[in-house]
Amino acid sequence: MTSTAALDSDPAPVIACTVSRDIQNFDLLIEDMETELGEAWGDLGFQDADSFFDQPDARSLEFIAVAVDDQDEDDIGFIGEIVRNAKTHGIKVIVIAEELSPIALHQLMRVGADDFVPYPLPERALQEAINRVRRPDPVPAAANGPAGQTAPSVSSSDRDGAIFPVHGLAGGVGASTFAVNLAWELARAGKKSGHRVCLIDLDLQFGSVSTYLDLPRRDIVFELLSDIGSLDSESFMQALQTYNDDLHVLTAPADILPLDLISPDEVRALIEMARSQFEFVVIDMPTTLVQWTETVLSHAHVYFALLELDMRSAQNALRLIRALKSEDLPHERLRYAMNRAPKFADLSGKSRVKRMAESLDIDIELQLPDGGKIVAQAGDHGLPLAETANKAPLRKEIQKLAVSLYELGQAPAAAER
């Protein structure tokens, strides 16, 4: 292993550093760093990182790998400062996370981390992350490729939105209802501060966001999806509609379209465009897994997976976890939400939820109460729950989640001021 002493060695410049509480807790990271970089890397403790960035030896640094686990969550604010300081010095940041909560991981991504890799490291995951952070920044829209294609231009906006996809693990579990109301509550929470929220319906076949918000399905959406290669901020914003002037929405197309109409690269361009224009982006995903599901998952800060307390949800969750693990995809980003959860006094139901989580080896962090008929009525009237059933328990739970996500996004901005 290359120790901190390597930072003072003369033969070759240090181009990367691990930053951790104790690197010996991440032995697989040590092995992969040596495989990828040989002797051209070093190790720093959290307390030493900030001061090192100001030293001449740090000028050769390309990136740092910040290794954290659940024991570091109490210090996540301090670690976030290290990430922010590294970005200030033009150093890329890869987060290596073991059993870190989605909220803590989201905070590190919000302050500027460029990529995330779960620990234990999947095969070639570190290599791929290094390749991604070494890629040059996107060229401006005016720069054409060799084939004459124009790269999608991103607005000069300094927004860097958080991505929250919502995926139902079975039909009818309430994923679209959750996505619509989460987006609306985020918009309400951020209204005074000017934070903007975008809701994107990527269920190209049976997306119902337009129905739940009483918005028309416009042909311009199909035109945008058919030619994402020429996407720019103007065409993107023209394709959006607003709900009550506070929530921007990209509805599903008017006609049923194949899910492979858009490629992973096109979905990536769409997400990056949305992030550049909005502080929060909620994506309503199709139940079906497609090629670009991986793309959305890799960009997600928290990926909400909704299920119910029944066998089909349990089986589908198990199959999804197996699929993600077999492809070495970051299944740790999934945050499971139990819709129509048992009531507080239903001890038998609570026990079933606990057994279900244990059998699937997951944490069901959100338990959303049954909204009953008012949920269907709100959808039929094209209104969020806040507009029709302000005091409903389901609405209050979604509002509580939205406020926590909003406050988390506010923390980095407050620290910068």
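The values are calculated or read from the model by the stated rules, or taken from the named source; none is laboratory data. None of the values given here were measured: they were computed from a predicted structure. Here the Cβ positions follow ideal geometry from the backbone for every residue, glycine too, while neighbour counts run over all protein chains shown.
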Yes/no for Glu81 being assigned by TED's automatic domain parsing to the domain that holds His106 and closer than 20 Å to Val111 by Cα:
yes
Can you tell me which residues in the range 325-356 are of a type in the set (A, V, I, L, M) and either within 30 Å of Arg217 (Cα to Cα) or in contact (Cβ under 8 Å) with a residue 12 or more places away in the chain (or both)?
Leu329, Leu334, Ala337, Met338, Ala341, Val353, Met356
Does at least one position in the range 234-246 carry a residue that is under 27 Å from His106 (Cβ atoms), hydroxyl-bearing (Ser, Thr, Tyr) and out of contact with any helix residue (DSSP H, G or I) (no Cβ under 9 Å at 6 or more places or on another chain)?
yes
Which one is farthest from Leu121 (Cα to Cα) among residues in the range 303-338 that are in contact with a strand residue (DSSP E or B) (Cβ under 6 Å, 6 or more places away or on another chain) and among the acidic types (Asp, Glu)?
Glu308
Any chance you could count how many residues in the range 4-36 are at pLDDT 90 or above, of a type in the set (A, V, I, L, M, F, W, C), surrounded by fewer than 18 Cβ atoms within 10 Å (Cβ to Cβ) and touching a Gly at 6+ places or on another chain (Cβ under 8 Å)?
0
(1) free of Cβ contacts under 8 Å to residues at least 40 places away in the same chain; (2) assigned to a helix (DSSP H, G or I): which one isn't true of Ile94, the others all being true?
(2)
It is to be established whether one or more residues within the range 225-238 are of a type in the set (Val, Ile, Thr) and out of contact with any strand residue (DSSP E or B) (no Cβ under 8 Å at 6 or more places or on another chain).
yes
Across the range 253-269, what is the total count of residues that are crowded, with 22+ Cβ neighbours inside 10 Å and farther than 27 Å from Arg132 by Cα?
1
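Which members of the range 37-49 meet the condition of being assigned to a helix (DSSP H, G or I) and surrounded by fewer than 16 Cβ atoms within 10 Å (Cβ to Cβ)?
First, pick out the residues of the range 37-49 that are assigned to a helix (DSSP H, G or I): 37, 46-49.
Correct list: Gln47, Asp48.
A quick yes/no check of all residues on (1) acidic (Asp, Glu); (2) crowded, with 22+ Cβ neighbours inside 10 Å:
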{"residue": "Asp232", "(1), (2)": "yes, no"}
{"residue": "Gln241", "(1), (2)": "no, no"}
{"residue": "Asn244", "(1), (2)": "no, no"}
{"residue": "Thr251", "(1), (2)": "no, yes"}
{"residue": "Ile271", "(1), (2)": "no, yes"}
{"residue": "Gln291", "(1), (2)": "no, no"}
{"residue": "Ser298", "(1), (2)": "no, no"}
{"residue": "Tyr303", "(1), (2)": "no, yes"}
{"residue": "Leu307", "(1), (2)": "no, yes"}
May I ask you to list the residues in the range 192-224 that are touching a residue at least 40 places away in the same chain (Cβ under 8 Å), closer than 18 Å to Ser276 by Cα and over 21 Å from the mean Cα position of the chain (by Cα)?
Ser193
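Can you find, within the range 230-240, the residue that is farthest from the chain's Cα centre (by Cα) among those that are more than 14 Å from Phe278 (Cβ to Cβ) and in contact (Cβ under 8 Å) with a residue 24 or more places away in the chain? I'd like the intermediate steps shown before the answer.
Taking the range 230-240 first, the residues more than 14 Å from Phe278 (Cβ to Cβ) are 230-232, 234-235, 238.
Checking which are in contact (Cβ under 8 Å) with a residue 24 or more places away in the chain leaves us with 230-232.
Numbers: Ser230: 25, Leu231: 22, Asp232: 22 Å.
Checking each candidate, the answer is Ser230.
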First in the range 393-409 and assigned by TED's automatic domain parsing to the domain that holds Val302 and at negative phi, second anywhere and among the polar types (S, T, N, Q) and at pLDDT 95 or above, Cβ under 6 Å, 6 or more apart:
Ile398/Asn181
